[in-house]
Every structure is written in C-alpha cells, then in structure tokens.
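Below is one structure, written out as structure tokens, with a few remarks after it.
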Amino acid sequence: MDFNDTPEQAAYRAQVRAWLEANAAEYLAPPEKPWGLDEFVARSKAWQRKKYEAGYAGITWPKAVGGQGLTPMHQIIFGQEESRTYVPTGLYSIGLGMCIPTVFTHGTPELIARFVPKALSGEEVWCQLFSEPVAGSDLASIRTRAECDGEAWVVNGQKVWTSFAHRSDFGILVTRTDFSAPKHRGLTMFIVDMKAPGVEVRPIRQMSGASDFNEVFFTDVRVPDSWRLGAVGDGWKVALTTLMHERLAVGGKPRHAPGWQMLIEVARGIETDSASALERADVRQRIASTYIADEGVKLTQMRALSALSRGAMPGPEQSIAKVVVAKTMQDMAAAALDLAESAGFAAEKGSDLEKLQQSYLWSAGLRIAGGTDEILRNIIAERVLGLPGDLRPPKDTPFNEIEPL
Amino acid sequence: MDFDLSDDAKTLREAARKFLEAEAGPKSARAVMDAEAPHDVALWAKVVAQGWPSARVPEAHGGLGLGTDEACVLAEEVGRSLAPVPLLATMDAIEALLIAGSEAQKARWLPRLAAGEAIGVVAWGEGDSKSPAQMPATRLESGRLSGVKTPVQDGLSATLAVVTVASADGPAMAIVDLASEGVTRSPVEALDLVRKSARIGFDSAPAEPLGDAADWVRLTERLAVLHAWEALGTAGAAMEMALAYAKDRQAFGLRIGRYQAVKHRLADMYIKGELARAHAMHGCWAWGTDASELAQAAAAARVASLEALSFTAEETLQLHGGIGFTWEHDCQFFYRRARAVSAALGSRAHWADRLVRALEQRNRAAA
C-alpha cells in the first residue's frame, strides 16, 4: 500500500500545481462576498477558457473531439488540485460532465463539430432536460412529447430541476416519440436550442432561497431532425450514457462543505457548566460518526483510484459515496446547530454556524439530487448485491396502457 | 496511489479462505460449542501446519516474517469462518512481544508461539466495567504477579498470557507462563459459546514485565486494526447468509429480497461494511508503515468495524425471522460473536473517544 503518486503522476501534478499557482492566484481564498449570478457566469466562462487554452479541458475526452486523450487519473489529479482553490466550476459540471459526452458518443460528425469545441472552450453553456414533474426517480416515465413534422420535430411538455437552464445556450432533451411503445422503447433524445421560440425558462426558488434550478416549458418548439442523438426510439439507451456520467460526477462531499473539523471547532467554542462541549460524550460520538462516514468515503474513493491507476475498472464500492455523504452532512449540521442552541438557530452572517445552516438546508437537496437515497440503495442492492428488482408493471406494456399496481 | 492489499496478501487470503471453507465454518463452531474442549484441537494442528501462527514472527525467531497485510487477511478469514482456534489470540501475544519484548523474551517465546507449541493470549479485563485504558488492579511486584483476569477469551486454551498490570504511567504489561505455580484457571460463562472464556487467577505467580505503559497503548492500536479485520470477516459471512436467504425465502408471493424494507437493509450492511473496510485498510497501512496517523486510523477502523459487525449480526438474524432465533440456526454465532469482538478490546464508545482525541491533536497540529 502506498498513498504516493507514481513518478509520472507526480510530474503531472506538479505541472498542474504550477499552472494553477500562475493562473488561479485570485481564487486561493473564498470570495469576500458571494458573487451574483452574472459575475459567477462571467468568471466561470473566463476560467473555462483559460483551462481550454492550457490543455486542461476535456482531459479524458478523445483527441478526435478536441479532448486531451489522457486517463481518468489525470482528470482526478487535476480535479484534486483545482478543488484546493475556489475557482468557479459549477456552471459546466453538467454540460461537460454529462451532456457533451452524450453528444460525442451518439451524435453525428456534424453535430460533434458544431457543438463540442464551443462547449469545451466555455463559450456555450449546456443543461440537461431530463426530469419532469411526474418523472423523477422513474425517469423513463417522462411525457414530454415530440412529433415528427417533415424534417423537424415539434416538442410540447415540461421539464423540471434543470440546473442553469436560465444561463444555458443548448440542452439535451429526452422526449417521448411513441406513446404506444413500451415505456423504455418510445423515447428519443435531441439537442435543443434554449433560445428557440416556444422555450420558456422559469427559475425555481429552492428552500435555501437560492435559485439553481428551473422549470422549462416547451410549446410547439421545432427541433431539426439532424439534431437528434441516436435513433428514434433509442432515447433510453442514449440517456443511460448521460446517467452513467452522472454517477461519476455526483459523488463525494461537495467542495468546501463543513465536515468533522468544523464540528470539533464549533464544539470547542461552546461552554457548558464544566468544560467545553467538546468533552461531552454525545458530541464526541457524533464527531466520530461524522469522521467515519466522510473519511470512509474518501478512503473508499482512493480504493477506486488505485484500480484506475493500475488501469483496472473500479469495483462497485464507490456507489456508496453520495448516499453516505449527503445524510452525514445533514445529521452533522443538525447536531451542530442544536448543540449551539440559540446561536445556531439565529447564526451570525459569515460564521461557521451560518455555514452549518446552509449545509443543513443544502444537504436535504443533496439527498434527492442525482439519485435519491432510496434509488441509490436500490442500485446497491440490485446491481452490487444481486437482489431482485422492485415489483413493476410488465416491461412490455405499452406506455399509454400502464396501470399502476 | 496504490491503496490496496499486496498481491501476496491477496493470494494468502484466497488460500486461507479455501482452507477454512473446507475445514471450519459454522459446523465446526457448533461442534466446539457442544464439546468440552476449549477449541478444535484437530483444526488447530492443521492451522499450525499452515504456518499461520508464525506469520508475523521474524525469520530469526523461526517465523515467516510477513507484513501487516498478511496478518490482516488471516484475521479476516478466521473471522469469516468462525474457526474455533486460538490463532488471533496467539497473534495478539506475538504482537505484544514484537512491540515490547526484550531479546531474551523474544528468543524464549516467539519460536514456540510460531511453532504452535505455545498458545498466547492478551488479557486486560478484570470483570468490571473499565476500558483497556483504565488502571487494572492486577500488580506485578518483584517478579510476582497477583490479580484476576476475566473473562479472557481463548483463556482456557492459552499457555502463555500477556496481562495488563498497574504502573505509575497507566496500564503496563507482564508476561506469564500459565503453567507456573500460583496460576489458577476456570471456565467463565460468557455470551460467546464458541470462543470460550476463562477466569485466570494469579497468586504471586512468577512473571516478567513486558515493556512500559506506552507499549500497551501501541499494542491496543495494532490489535484494534487486526481485530477490525476479524470483524469485517465475521460481518461479511453474516451478510452473505442474509443475502442468500433474502434471495430464496418467499412471502406474499415474492422473494423477500424484492421488498425495499429488506433490500435497503442489505444495502446498509454493504455500506457499513465498505466504510469499515476502507478504514481497516487505512489502519493496516498505518500499522505496517508505523505512520503517525496510527492512533487515528486504528481507532477509526475499530469504531467502523464494530458498527458494521453489530448492525450486520443483528439485522441478519432479523431478516431470518423466527428461524434465526432458534438454537439450531447459525445466526446466533454471529449475534453472540459481535459482543465478543467488542468485549475483547474495548467498546465502540471507548474507541470513538480515542478517535476524537487523535483528531483533536491533528486539528491542533494543522491550526
């Protein structure tokens, strides 16, 4: 066992670190006050452009589509070094993490040439139009309709939870093109222009007060047939490519989210009658549980990295990451706020306790986004442990004849 | 980055699993439970013939001189198979000698432990509610040991004991030949009916000091790692039993593994097991490299593995329904063993406290 880089990895890390020191100097500390959306987008675009020009964009993508053709280890090393800074990256995590890999896996050469370079340079922002009000965990039950009209398709319906739709230029859109086919066989995937007539984006205000998500309404939106990804009726297969990339993208503890270290500091600062709250047995148990979960996920991911580093595929163990991390964040934040009593309930702006309030609100969303705790447990039980699937209507029932059990 | 067991350790694990699947398992555990003998004598002879007790003993003392990776996979496989042999107890005593033994003590005892001529045990509990960090009543004065250790798991089999004694700096260790005069032994009824426990009395028995108080702390850290692997093995075997049952048993026209109440609990067993495995690997690395994080990594491995084993043993029995609660069913071995593993080296709460102490120090160093 050895936690060190191979000489080749160490060389790449040193190169990345030197580049970040030269180019991300303004992002070594968190911003003094949070950026507004416009500033966030502008800074994100500028940062992506820098990465693109320096050869740090699309690290694992094939050279043929403008990527660097390097290994997942290179991507991970770059990500580790980048996440030590506070550079803005979230604007592209869905587009470059999920949408564009789907485009270059299933798109025609013309689509790849038109869309991939401008996405990679950060010029064009992408969103993923998958979930609907009636189709969240059960994505394949979407109802947004696309009807063929000569050389174009006409789209009607509604999507929801679409991150950055209000700032996106294009999206990948899963639609139902055949309501009489079985659920998974009537779907077709398209690229859609978010500025096209009939596309309406309405921000959703989340419980936290922020608006990261949107509803997107489609009313007679025309999409050229040449913008179709994969064959008509093959949309589920195409969507699985996207979701596979989502599982890779959604994983560990969010960057800079509070962890056991903050719990120790908060507890240390709270006086009880006899000593600091850090001496309380229940607090120590909570710190231990938080450490076991957060650090356990990190170590589990190192096991996966070791497999990647050897050129092997990681085992299924990394599938536990999000389900552990989100609930641990929630439990830890609730415990810390309760421990702080009134000060935790009405926290001072900019304090650790305020960060914990944000974490408390945000973690509730994290337990749902990118696969709910329940869906992830199903995946572990079924794909890793080989248990039978949930009871569902027969798979070959036409979609428009499905009766709930 | 190479966070994985060595290839040699993986080969050993495979061989040990094959051997123990053929030779041990719940059947042999049941036979020992029902017998007078404190362990499976025939199986122990075969385990000795495999050379496993000598794994960590240096070649100069007649051992194989293997690393911590190999020790950990042996612990996992013994835990998995419930093998009723005093292998881990003997490995515990060997670690004590490796950490704290004088050259003379090592030369006297290591070859005999490696060859299976001596069976070792580490005994710290005194039948009260103290943790392994609290001062024992047992005393070593002028080479004479007085006190009582109970319940000592595998204490009926052992021929050599490392016992904790009071010292000015906290618990320290003494080493005592259990054939000496002044040593008395009797069986103790405890929760685990397979790994039997003894009450060992010392009445001015001849004994030698073994290292100092700091060595005892170091030993408990190493044993926390070793027995975390044992717990992983035992939890893994219980979970496999639960999985097989969930895939086979039917209720309301469905295999019960189809119900989310059942499958999610199995997913939780897997999650706890994987977290525990990650910490156990970290602990194995820290032990093997004598890293400064050992206190933290060992405590985390201990806490995570006890959690995984307790949860898995309890929920495996629950998923079996009524049959799991019967004397004839194997669930009880895992359910009882969960408490034995906890009692052997201090509870989750004790180690969680130690973990946080290590983390506080790390936070302070980082600040």
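The values are calculated or read from the model by the stated rules, or taken from the named source; none is laboratory data. What you are looking at is a predicted structure, and each value in this text was computed from that prediction instead of being measured. Please note: Cβ atoms are built from the backbone with ideal geometry, for glycine as well, and neighbour counts cover all protein chains shown.
Which residue, of B:T316, B:T326, is over 21 Å from A:V323 (Cα atoms), away from chain A (no Cβ under 13 Å), hydroxyl-bearing (S, T, Y) and surrounded by fewer than 24 Cβ atoms within 10 Å (Cβ to Cβ)?
Being over 21 Å from A:V323 (Cα atoms), away from chain A (no Cβ under 13 Å), hydroxyl-bearing (S, T, Y) and surrounded by fewer than 24 Cβ atoms within 10 Å (Cβ to Cβ) holds for just one of B:T316, B:T326, which is B:T326.
Find the residue count for segment B:329-367, including only residues that are within 14 Å of chain A (Cβ to nearest Cβ) and of a type in the set (K, R).
Residues flagged as within 14 Å of chain A (Cβ to nearest Cβ) and of a type in the set (K, R) within segment B:329-367 amount to 5.
Considering segment A:264-288 alone, what residues qualify as being within 8 Å of chain B (Cβ to nearest Cβ) and not charged (D, E, K, R)?
Scanning segment A:264-288 gives A:I264, A:L278, A:A281, A:Q285, A:I287, A:A288.
Which of (1) of a type outside the set (V, I, T); (2) surrounded by fewer than 22 Cβ atoms within 10 Å (Cβ to Cβ); (3) closer than 22 Å to B:S186 by Cβ is the odd one out, the single condition B:S131 does not satisfy?
(3)
Please work out which one of (1) within 13 Å of another protein chain (Cβ to nearest Cβ); (2) within 17 Å of B:A71 (Cα to Cα); (3) not acidic (D, E) is the condition B:G236 fails and give its number.
Unmet for B:G236, out of (1) within 13 Å of another protein chain (Cβ to nearest Cβ); (2) within 17 Å of B:A71 (Cα to Cα); (3) not acidic (D, E): (2).
Does segment A:368-395 hold any residues that are of a type in the set (K, R), closer than 19 Å to A:V323 by Cα and more than 7 Å from chain B (Cβ to nearest Cβ), and which are they?
A:R383
Only one of these is acidic (D, E) and in contact with an Asp or Glu (Cβ under 6 Å, 6 or more places away or on another chain): B:E274, B:E314. Name it.
The conditions single out B:E274.
Quick check on my filter: what residues within segment B:1-57 are among the aromatic types (F, W, Y) and under 19 Å from the mean Cα position of the chain (by Cα)?
B:W44, B:W52
Among A:L356, A:L305, which is more than 10 Å from every other protein chain (Cβ to nearest Cβ), within 23 Å of the chain's Cα centre (by Cα) and of a type outside the set (S, T, N, Q)?
A:L356
Any chance segment A:322-335 includes a residue that's within 9 Å of chain B (Cβ to nearest Cβ) and part of a helix (DSSP H, G or I)?
For segment A:322-335, residues within 9 Å of chain B (Cβ to nearest Cβ) and part of a helix (DSSP H, G or I): present.
From (1) more than 25 Å from A:F213 (Cα to Cα); (2) touching a residue at least 24 places away in the same chain (Cβ under 8 Å); (3) buried (at least 18 other Cβ atoms within 10 Å of the Cβ), pick out the condition that doesn't hold for A:I59.
Condition not satisfied by A:I59: (2).
Which numbered condition trips up A:T242, out of (1) within 24 Å of A:T397 (Cα to Cα); (2) in contact (Cβ under 8 Å) with a residue 24 or more places away in the chain; (3) assigned to a helix (DSSP H, G or I)?
If we test A:T242 against (1) within 24 Å of A:T397 (Cα to Cα); (2) in contact (Cβ under 8 Å) with a residue 24 or more places away in the chain; (3) assigned to a helix (DSSP H, G or I), just (1) comes out false.
Of the residues that make up segment A:83-104, is at least one modelled with pLDDT of 95 or more, of a type in the set (D, E, K, R) and farther than 25 Å from A:E215 by Cβ?
no
Would you pick out the residues in segment A:32-44 that are over 9 Å from A:P88 (Cα atoms) and either at pLDDT below 90 or touching a helix residue (DSSP H, G or I) at 6+ places or on another chain (Cβ under 8 Å) (or both)?
Result: A:E32, A:K33, A:P34, A:W35, A:G36, A:L37.
Within segment B:204-214, does at least one residue satisfy the condition of being surrounded by fewer than 24 Cβ atoms within 10 Å (Cβ to Cβ), within 26 Å of B:R80 (Cα to Cα) and in contact (Cβ under 8 Å) with a residue 60 or more places away in the chain?
No - not one qualifying residue is present in segment B:204-214.
Within segment B:212-229, is there a residue that is within 14 Å of chain A (Cβ to nearest Cβ), more than 30 Å from A:N378 (Cα to Cα) and touching a Phe, Trp or Tyr at 6+ places or on another chain (Cβ under 8 Å)?
Yes, segment B:212-229 contains at least one residue that is within 14 Å of chain A (Cβ to nearest Cβ), more than 30 Å from A:N378 (Cα to Cα) and touching a Phe, Trp or Tyr at 6+ places or on another chain (Cβ under 8 Å).
Please verify whether segment A:131-140 includes one or more residues that are surrounded by fewer than 16 Cβ atoms within 10 Å (Cβ to Cβ), of a type in the set (D, E, K, R) and closer than 25 Å to A:S211 by Cα.
yes
Where in segment A:2-120 are there helices (runs of 4 or more DSSP H), lying fully within it, with 2 or more residues that are within 14 Å of another protein chain (Cβ to nearest Cβ)?
Ranges flagged: A:7-23, A:72-82.
Being outside any loop (DSSP other than H, G, I, E, B) and over 30 Å from B:D2 (Cβ atoms) is true for just one of A:L405, A:L353. Which residue is that?
None of the others qualify; the one that does is A:L353.
So A:G350 ticks every box in (1) within 14 Å of chain B (Cβ to nearest Cβ); (2) at positive phi but one. Which box is left unticked?
Here A:G350 clears every test but (1).
With the requirement that a residue be of a type outside the set (A, V, I, L, M) and buried (at least 16 other Cβ atoms within 10 Å of the Cβ), what does segment A:269-281 give you?
Matches in segment A:269-281: A:R280 only.
Answer yes if at least one residue in segment B:176-184 is touching a residue at least 40 places away in the same chain (Cβ under 8 Å) and crowded, with 16+ Cβ neighbours inside 10 Å, and no otherwise.
Among the residues of segment B:176-184, not one is touching a residue at least 40 places away in the same chain (Cβ under 8 Å) and crowded, with 16+ Cβ neighbours inside 10 Å, which makes the answer no.
Per-residue answers, yes or no, for (1) at pLDDT below 95; (2) touching a Ser or Thr at 6+ places or on another chain (Cβ under 7 Å); (3) surrounded by fewer than 22 Cβ atoms within 10 Å (Cβ to Cβ); (4) aliphatic (A, V, I, L, M):
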{"site": "A:L173", "(1), (2), (3), (4)": "no, no, no, yes"}
{"site": "A:G186", "(1), (2), (3), (4)": "no, yes, no, no"}
{"site": "A:A196", "(1), (2), (3), (4)": "no, no, yes, yes"}
{"site": "A:R202", "(1), (2), (3), (4)": "no, no, yes, no"}
{"site": "A:Q206", "(1), (2), (3), (4)": "yes, no, yes, no"}
{"site": "A:S211", "(1), (2), (3), (4)": "yes, no, yes, no"}
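Quick check on my filter: what residues within segment A:121-135 are in a loop (DSSP other than H, G, I, E, B) and touching a helix residue (DSSP H, G or I) at 6+ places or on another chain (Cβ under 9 Å)?
Within segment A:121-135, A:S121, A:G122, A:E123, A:E124, A:V125, A:F130, A:S131, A:V134 meet the criteria.
Which of the residues belonging to segment A:312-342 are out of contact with any Gly (no Cβ under 9 Å at 6 or more places or on another chain), without any contact (Cβ under 8 Å) to a residue 12 or more places away in the chain and not polar (S, T, N, Q)?
Correct list: A:A312, A:M313, A:P314, A:E341.
Yes or no: A:R377 surrounded by fewer than 16 Cβ atoms within 10 Å (Cβ to Cβ) and within 24 Å of the chain's Cα centre (by Cα)?
The answer is no for A:R377.
Would you tally the residues in segment B:219-267 being of a type in the set (D, E, K, R), in a helix (DSSP H, G or I) and surrounded by fewer than 20 Cβ atoms within 10 Å (Cβ to Cβ)?
The number of residues fulfilling the criteria is 3.
For segment B:268-304: of the residues being surrounded by 24 or more Cβ atoms within 10 Å (Cβ to Cβ), touching a Lys or Arg at 6+ places or on another chain (Cβ under 8 Å) and touching a residue at least 60 places away in the same chain (Cβ under 8 Å), which is farthest from the other protein chains (Cβ to nearest Cβ)?
B:A298
Looking at B:D69 and the list (1) out of contact with any Ser or Thr (no Cβ under 6 Å at 6 or more places or on another chain); (2) of a type outside the set (A, V, I, L, M); (3) assigned to a helix (DSSP H, G or I), which single condition is not satisfied?
Just one mismatch for B:D69, condition (1).
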